[in-house]
Number of protein chains: 2
Amino acid sequence: MFLAKVHVTLRKSILDPQGKAVEHAVATLGVVGVDEVRIGKYIEFRVDGKSEQEAREAAEQVCRKLLANPVMEDFSLVVEPQ
Amino acid sequence: MFLAKVHVTLRKSILDPQGKAVEHAVATLGVVGVDEVRIGKYIEFRVDGKSEQEAREAAEQVCRKLLANPVMEDFSLVVEPQ
């Protein structure tokens, strides 16, 4: 059994309106010096597999086809034994 | 200048309907052996501060008051020099 940890982030060139909203909200909180807020997703799941290699391939397929939008987002994947 | 990296995750005891939806979608993709999908947020932002301590305090305040819902979510925060 393996645990997959996935970070999905918007590409640098893509505007992040959710991040901008957080920046404005931070300012109203009275906290200064916060900027360049970028909001992404963090996904964890369990993957079955006979080997780490096999689990990694299944997890990568899930990332490519389901979790990340390849036009706008990048993902990074870590698979570790559980 | 410091970079704050925040993971916001649903508490273990809280149901994750978004994760369940991904599990079903994974099954329709034909990928087997994926379960316990949990979907959280990953947020990065820049924080100004004279020291790492000061930047960390500002970042923690942002997490507590804005990014994480303390009733349902946990957060982990890493602040590193940039």
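The numbers here are math on the coordinates, done by the rules we state, and not lab data. Since we're looking at a predicted model, the values are computed, not measured. Every residue, glycine among them, receives a Cβ derived from its backbone with ideal geometry; neighbour counts consider all protein chains shown.
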Give B:Val8, B:Val71, B:Val62 a once-over and let me know the one that is within 23 Å of A:Leu3 (Cα to Cα) and hydrophobic (A, V, I, L, M, F, W, C). B:Val8
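Right, B:Gly49: touching a Phe, Trp or Tyr at 6+ places or on another chain (Cβ under 8 Å), more than 20 Å from A:Ala4 (Cα to Cα) and within 10 Å of chain A (Cβ to nearest Cβ) or not? Before you say what the answer is, go through the steps one by one.
On the way: touching a Phe, Trp or Tyr at 6+ places or on another chain (Cβ under 8 Å): yes; more than 20 Å from A:Ala4 (Cα to Cα): yes; within 10 Å of chain A (Cβ to nearest Cβ): yes.
Criteria met by B:Gly49.
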Evaluate segment B:14-31: report whether one residue or more is in contact (Cβ under 8 Å) with a residue 24 or more places away in the chain and touching a helix residue (DSSP H, G or I) at 6+ places or on another chain (Cβ under 8 Å). no
Give me the residue from segment A:9-40 that is over 12 Å from B:Val62 (Cα atoms) and among the β-branched types (Val, Ile, Thr) and, out of that set, farthest from the other protein chains (Cβ to nearest Cβ). A:Ile14
Quick check on segment B:47-61: of everything there that is touching a helix residue (DSSP H, G or I) at 6+ places or on another chain (Cβ under 9 Å) and in contact (Cβ under 8 Å) with a residue 40 or more places away in the chain, which residue is farthest from A:Pro17 (Cα to Cα)? B:Gly49
